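Here's the structure we're looking at; comments come further down.
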Amino acid sequence: MLDTNILLDALVYSNMLALLSLSLTLTIMTLKVANFAHGDLAIIGVYGAYTFLILAHVATYLTLPIAFLFGGLYALLNYVLVYSPMRRRGANFVMLMIASMAIDIATRSMLQMYADVLKLNFKVYSRAFIFNDVVFNIAGTRVRGLVLISTLSVVSLLAILYVLLMKTKFGVAMRAAIENPALAEVLGINVEKVYATSWFLAGGFAGVAGFFLPFRIPTSPDLGFIILLPIFAASILGGINSLSGAVIGGYIVGVSEILGTYLLSQPPINLSTAYRPAIPFAILILTLLLLPQGIASLWSRGE
Amino acid sequence: MINLFLLMVDIGTMYGIFLILASSMELEYGELGIPNFGKVMFFAAGAFTVGALAVRIGTWLAGITWEGEFKTKSILYSTLVSRYFASHPLDAIAVFLFTLFLASIMGAVLGIVASYPAIRLREDYLAITLIAAGELFRIFGRNYDPLIGGTMGVGVPDVLAWLPSGAKEAGYILLSLSFAAATWLILYRLSTSPYGRTLRAIRDEELAASTLGKDIVKYRMRVLALGSAMAAVAGVIYAFYMGSVLADDFNPLKTFLVVLMVVLGGSGNPFGTLVGVAVYILLDRTLAILKHYVVLPFDINYFAMFLFGVLLLLVLMYKPEGIIPERPLLTVRAKFCRREDGTPERKLCD
């Protein structure tokens, strides 16, 4: 009933979601802001990569670092220009949340304008565009590049983040700044710099996740809003303050969304695939009702 | 000349509809501090109720038998029902009042149900729950044809068809503005009452309020139910005024605009809401007129949305109190006193 293609698609989608929920969790942990513009960072990244592809005709996967850079820089810009000054002026959590909503609207309309300009100047598809995949031949089995590269990206980015947080001096400073900003400040840690770096990293991770979008589905400026619900569902399922929880949450939500949508659209139920967001929504609601501290509370002591 | 009249009708009616929405947001965010990021869902709840029921009840009252699919025939039948309403004003008013009554109950119930899973949690949990619920509601409306005709939309009979043209348009302004005035007065009365002081106490220091015996969850639930019912009323008037309901019209952009109006006008002050809605409509209409004179390499509607996004950011950063800031409440009426040099001074007299 299930063929491998669907399982592989679930893997790719979950890879993407894991990166996105991980990076959302990183921003929530540092600045304590629920960033409703987080999905847009992914789209900024992919539009950056796509522009580079149009200008320089290189292999698609070579533009992956561009997506990281664009996502990262845009997130950094958000932090430096909006969130950090607002926090200094004593804005509360809800005001930061509203600011992120305003950033979402501004970013999406900016991307829409950019898509118009792109179409006008280069005569290319600037909405609903797709990337063509390559197929690798590994020991006789044909593997889609997307499956391989998205998995490799997640593994290597997670490894890099782990080493950065656990093995370097900067990581110690970062964990201290997250744990207790005031105390960290007293000990001579530049909290502002640490937070800015974590925003850059989070944006970069989101940009990488966004880069994989056009291989799966036609990508448009508004996609960033559509993927917001699964990202939040994954992050909240993970416990909203746990990086490992966010990754696991990403895989749970991703796999259930793909498999669930597939199973519900088959006979005897024959539900329209348009109801797909209902699955992450159901996970979100169940988490809030049954385990509001998320799955991370199962293995870490309550703080 | 007729054009100017229609423009005034549009501005007046939309001002009323947005004022109802903004008043409900001001109650929830300005007074209680929880921004209802799913506002559009409750607005849609009102409009969907009208879309699903008005034409069906209308054909039943008029004794017309329905042939063909709801999706393809609703526009035709709503025209027939409007013609029937032209000679039967009482039936038209009954349909309006019935859908209004049902929609406000729908809004209140939906407000409680949609916020229930996250009402005890931090604001971001509640916000994403409400955003997602609103999106699912819209998706349901778009894909389930028997409700409001799916992607085709649904026709809504004209409940003021019995008025002569001219008076009819004025009727819609009057309808919209009178409901807006009533909603705003409810907000104002609540805001200046002990209930409003309790809400602001919860907003400013939840823990302190709960130590004084205030049941935070109960207050949140009641305010969300009331705010959602208000938004549903706005949806009913919107549906009847537009003459049709289309699911995709109810996207999260509407929620953003309402938040913009409340923050811009000054959250925490009901008078700020009056100003915020007016400023938004003024800006929106100005941009709409400018569209005819400016040529840009992109769709100017996106540019307008971009400007509104940036405007909200600037207000939040540099003038978070809005145009009319929140003032300490007067619990004792101030009198004019004389200073030493004899000039009047507005303060409490000894």
On a C-alpha basis, how far is the centre of the stretch B:95-157 from the centre of the stretch A:41-106 in Å? Whole number, if you could? 32 Å
Neighbour-count order for B:PHE303, B:PHE98, fewest beta carbons within 10 angstrom listed first: B:PHE98, B:PHE303
Exposure rule at most 10 other beta-carbon atoms within 10 Å, DSSP loop trypsin sites (Lys or Arg not before Pro): chain A longest free segment: A:124-300
Of B:ARG327, B:ARG220, B:ARG285, how do they rank once you tally other Cβ atoms within 10 Å and put the fewest first? B:ARG327, B:ARG285, B:ARG220
Viscosity 0.890 mPa s, 25 °C: Kirkwood-radius Stokes-Einstein D of the protein assembly as shown over Cα pairs, µm²/s: 92 µm²/s
For A:PHE129, list long-range residues whose amide hydrogen, built 1.01 Å from N in the peptide plane, is under 5 Å from its own amide hydrogen. A:THR219
Among B:GLU321, B:GLU67, which comes first, then next, by fewest other beta-carbon atoms within 10 Å? B:GLU67, B:GLU321
Just counting partner chain Cβ atoms within 10 Å, what average do the residues of peptide B:253-266 show around their Cβ? 2
How crowded by other chains is A:117-128, given as the mean number of beta carbons from other chains within 10 Å of each beta carbon? 1
So what is the 222 nm mean residue ellipticity for chain A from helices alone, if each DSSP H run of at least 4 adds -39500 (n - 2.57) and you divide by all residues, rounding to the nearest 500 deg cm²/dmol? -23000 deg cm²/dmol
What are the principal axis extents of the Cα atoms in the stretch A:138-268, in Å, biggest first? 62, 37, 27
For helix B:194-204, report the angle its Cα long axis makes with the longest principal axis of the Cα atoms of chain B; keep it between 0 and 90° and round to the nearest 10°. 80 degrees
GNM of chain B, Cα pairs under 10 angstrom: of B:ALA44, B:ALA247, B:ALA304, the biggest fluctuation goes to B:ALA304
Multiply the residue separation of A:ASN180 and A:ILE226 by 0.36 nm, subtract the distance between their alpha-carbon atoms, and state the gained length in nm to one decimal. 13.2 nm
Average other protein chain Cβ within 10 Å of Cβ, residues B:302-309: 6
Multiply the residue gap between B:LEU290 and B:LEU253 by 0.36 nm, knock off their C-alpha separation, and tell me the result in nm, one decimal place. 11.2 nm
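Within 12 Å, Cβ to Cβ, of B:MET242, how many net charges do the neighbouring residues add up to if Lys/Arg are +1 and Asp/Glu are -1?
Surrounding charge for B:MET242 is -3.
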Go ahead and run the numbers for FRET between B:ILE93 and B:TYR144, Cβ-Cβ distance against an R0 of 30 Å, rounding to 0.05. 0.50
Hits among aspartates and glutamates - C-alpha to C-alpha of A:LYS32 under 13 Å, sequence gap 8 or more where chains match: A:GLU179, B:GLU123, B:ASP124
How much net charge surrounds A:GLU192 when only the other residues with a Cβ under 13 Å from the Cβ of A:GLU192 are counted, with Lys and Arg +1 and Asp and Glu -1? +2
Given the pairs A:LYS193/B:LYS319; A:LYS123/B:LYS254; A:LYS169/A:LYS193; B:LYS39/B:LYS218; B:LYS214/B:LYS254; B:LYS39/B:LYS168, which span a C-alpha to C-alpha distance of over 24 angstrom in this model? A:LYS193/B:LYS319; A:LYS123/B:LYS254; B:LYS214/B:LYS254; B:LYS39/B:LYS168
What does a probe at A:MET166 reach in the stretch A:238-271, counting residues whose amide N is under 14 Å from the point 7 Å along Cα→Cβ? A:243-245
Relative to the longest principal axis of the C-alpha atoms of chain B, give the angle of the C-alpha long axis of helix B:216-242, reported between 0 and 90° and rounded to the nearest 10°. 40 degrees
Under the definition of Cα pairs under 8 Å and six or more residues apart, what whole-number percent is the relative contact order of the stretch B:2-250? 42 percent
The stretch A:232-302, relative contact order in percent, only Cα pairs under 8 angstrom and at least six apart counted: 43 percent
The stretch B:2-132: C-alpha pair distances exceeding 22 Å, %: 54 percent
Residue by residue through the stretch A:120-135, which ³J(HN,Hα) values in whole Hz follow from phi under the Karplus form 6.51 cos²θ - 1.76 cosθ + 1.60 (θ = phi - 60°), with glycine and proline marked x? 5, 8, 10, 6, 10, 5, 10, 10, 6, 8, 10, 9, 7, 8, 9, 10
Angle check, please: helix B:253-265 long axis (alpha carbons) against the longest principal axis of chain B (alpha carbons), in degrees 0 to 90, nearest 10. 30 degrees
Averaged over every viewing direction, what's the projected area of the C-alpha convex hull for the stretch B:2-250? Give it in nm², one decimal, please. 13.8 nm²
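No lab work stands behind these numbers, since they all come straight from the coordinates. In this text the structure is predicted, and so the values were computed from the model without any measurement. Note that we place each Cβ from the backbone using ideal geometry, even for glycine, and neighbour counts take in every protein chain shown.
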